[in-house]
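Participant: The structure under discussion is supplied below as structure tokens; questions concerning it will follow.
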Amino acid sequence: MNILFATYPMAFHTPGGGEVQLQAYLKHLPVHGVNVELFNQWDPQFKRFDLVHFFSCVGGSVHFCNFVKQLGLPLVISSSLWITEDTKHLYPISEIAQQLSLADAVIANSNLECDSLASVLQLPREKFFTVLNGVDDEFYERVTPELFRIHFNISTQFVLNVGNIEPRKNQLNLIRAMKLVPDMKLVLIGHARDENYLNLCIEEGGNQVIYLGPLPHDSDLLKSAYSACTIFCLPSTLETPGLAALEAHAVGVPIAITEVGPTAEYFAESAKYLNPMDIDDIANKILEILNAGKKIPDNIDKFHKYSWGVIAGDLIPIYQSLLHK
């Protein structure tokens, strides 16, 4: 089976969860006997492939997907998108619906995401398939916290947020919430997708906030950052469910995460859920974890079953079903 992976042209300028997912599939699918290659616009050779798997619903993606269908190739789309009736006005909903209608299969990260997309976009539910997000096995191999602390000269307790710096990740509300926890530092790690938003965050946070920029996803420094933090907090306006939160959970970090999206489908009782628009609630969830003391979540073993190596195999029957139509 020969699969072509493609995404929108700017995706890896500031890579996020969707790009990590793409690279994880690229790494692990060959173990399952699937040949995967990345789209090369200078030498596309579509006809060498049995199927095209496109990642993202970013504006303009519909044109590439439409061309794939004109060639008569099966098309899979990974949506990584949480839309509800209340939030659909924030998106180019007609274009997204058109793009996903072209797909022979849409891969979502949870059953709730499948249900919501099918309902809001008025597309057949049977078009949607759940393939959970995963975690690199390396994150279960604990890296000493001293590596991070010494490298960045951070000796105090801190709350960690890993993600692109942008309004959807909601770091500004987290910074405002942290003012109610004045003895704790907040460490931000991630690409600045919105420079103006980053500047607001730095100005608002003052000395309480430490912005380190991005760290390579396979970096021991990133793994060490998870080990070193007291709490991992992801107060995004939506998550599906947030790869960084899965990685923090694998390391054994207490998590405070947004209640918006299918986060509870993954973390169940092992996380504190917060209202991302309520600064007091964000602060209270952080304080609840602090008061309880740092402890390893009780279902890490369950999460180890969802390493990327296992998850990638869940794509195989979906691919095969399209090739035998």
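What follows draws every value from the coordinates through simple rules; no lab data is involved. Just so you know, these numbers come straight off a predicted model, no measurement behind them. Don't worry about glycine lacking a Cβ; one is built from the backbone with ideal geometry, like all the others, and counts go over all protein chains shown.
Participant: Quick query: amide H of D136 versus all other amide H atoms, modeled in the peptide plane; which residues come in under 5 Å with a sequence gap of 5 or more or a different chain?
Facilitator: W308
Participant: Return the single residue from N275, N133, N153 with maximal mean-square fluctuation; model: Gaussian network over the chain, springs between Cα atoms under 10 Å.
Facilitator: So, out of N275, N133, N153, the one fluctuating most is N153.
Participant: Let me ask something additional. Taking 7 Å along the Cα-to-C-beta vector as the label spot, tell me the L123-D50 distance in nanometres, rounded to one decimal.
Facilitator: A separation of 2.3 nm, rounded to one decimal place.
Participant: Across bins of 10 angstrom width beginning at 0, how are the C-alpha pair distances of the range 192-284 distributed, in whole percent?
Facilitator: 15, 42, 40, 4
Participant: Still on this structure, I have one more. Mind telling me which of I165, I107, I202 comes out most flexible in a GNM of the chain, alpha-carbon contacts under 10 Å?
Facilitator: Comparing I165, I107, I202 in a Gaussian network model of the chain, the most mobile one is I202.
Participant: Here's something else I'd like to know. What order do you get for M10, M184 when you list them from fewest to most C-beta neighbours inside 10 Å?
Facilitator: Working: M10 9, M184 17.
The order, fewest Cβ neighbours first, is M10, M184.
Participant: Here is a follow-up. Just to be sure I understand: of the beta bridges DSSP finds with both ends in the range 137-304, what percent are antiparallel, rounded to 5?
Facilitator: Working: 0 of 17 bridges.
Percentage antiparallel, nearest 5: 0.
Participant: Also, quick follow-up: Mean residue ellipticity at 222 nm from the helices of the chain, using -39,500 (n - 2.57) per DSSP H segment of n ≥ 4 over the full residue count, to the nearest 500 deg cm²/dmol?
Facilitator: Numbers: 14 runs with 126 residues, N = 325.
The helix contribution divided over the chain gives -11000 deg cm²/dmol.
Participant: Considering Cα pairs under 8 angstrom that are at least six residues apart, work out the relative contact order of the chain and quote it in whole percent. The partial results should precede the final answer.
Facilitator: Values: 596 pairs, mean separation 55.8, N = 325.
So the answer I get is 17 percent.
Participant: Sticking with this structure for a sec: Return, for the Cα atoms of the range 137-304, the radius of gyration and Dmax in Å, separated by a comma.
Facilitator: Values for the range 137-304 (Cα only, Rg and Dmax): 14.4, 41 Å.
Participant: Further, regarding this structure: Please name which of Q45, Q98, H13 has its Cα lying farthest along the dipole of the range 1-117 towards the positive end, using unit charges on Cβ (Lys, Arg +1; Asp, Glu -1) and the Cα centre as origin.
Facilitator: Positive-end residue among those listed: Q45.
Participant: Taking volume of the Cα convex hull per residue in Å³ straight from the coordinates, which label in (1) 140; (2) 131; (3) 247 is the correct one?
Facilitator: Only one listed value fits the structure, namely (2).
Participant: I would also like to ask the following. Tell me, what HN-Hα J-couplings in whole Hz come from the Karplus equation 6.51 cos²θ - 1.76 cosθ + 1.60 at θ = phi - 60° for each residue of the range 156-163, using x for Gly and Pro?
Facilitator: Taking θ as phi minus 60°, the curve returns 8, 5, 8, 8, 10, 10, 10, x Hz for the range 156-163.
Participant: From the cross-link list K27/K88; K88/K185; K47/K69; K27/K272; K88/K127, which pairs have alpha carbons spaced over 24 Å apart? Present the calculation step by step, with values, prior to reporting the outcome.
Facilitator: On the way: K27/K88 34 Å; K88/K185 35 Å; K47/K69 12 Å; K27/K272 32 Å; K88/K127 20 Å.
Where the Cα-Cα span goes over 24 Å, the pairs concerned are K27/K88; K88/K185; K27/K272.
Participant: Let me ask something additional. Check each of the GluC sites (Glu not before Pro) in the range 127-167 and keep only those in coil by DSSP with at most 14 other C-beta atoms within 10 angstrom; list them in order.
Facilitator: Values: sites: E138, E141, E146; in loops: E141.
Of the GluC sites (Glu not before Pro), the ones in loops of the range 127-167 whose Cβ has at most 14 other Cβ atoms within 10 Å are E141.
Participant: Right, another one. I'd like to compare 230-242, 206-218, 249-261, 39-51: which one has the highest average count of other Cβ atoms within 10 Å, and what's the full order after that? Write out the running numbers ahead of the final one.
Facilitator: On the way: 230-242: 24.9, 206-218: 14.2, 249-261: 23.3, 39-51: 12.4.
Highest-to-lowest ranking by the protection proxy: 230-242, 249-261, 206-218, 39-51.
Participant: Report Rg/Rh for the range 1-58, rounded to two decimals, where Rg is the Cα radius of gyration and Rh the Kirkwood radius.
Facilitator: Values: Rg = 11.5 Å, Rh = 12.0 Å.
In the range 1-58, Rg relative to Rh is 0.96.
Participant: Taking the Cα centre of the chain as origin, sum charge times position over the Cβ atoms of Lys and Arg (+1) and Asp and Glu (-1), and report the length of that vector in debye to the nearest 20.
Facilitator: On the way: 23 positive and 36 negative charges, 60 e Å.
In total the dipole reaches around 280 debye.
Participant: Mean-square fluctuation check for the chain, GNM, Cα pairs under 10 Å: which of A244, A268, A118 is largest?
Facilitator: Most flexible of the set in this elastic network: A268.
Participant: A follow-up question, please. Tell me the label-point distance for the pair R142, S155, using the 7 Å Cα-to-Cβ offset, in nm and rounded to one decimal.
Facilitator: 2.3
Participant: Given points 7 Å out from each Cα along the Cα-Cβ axis, report the T84 to D220 separation in nanometres with one decimal.
Facilitator: 4.3
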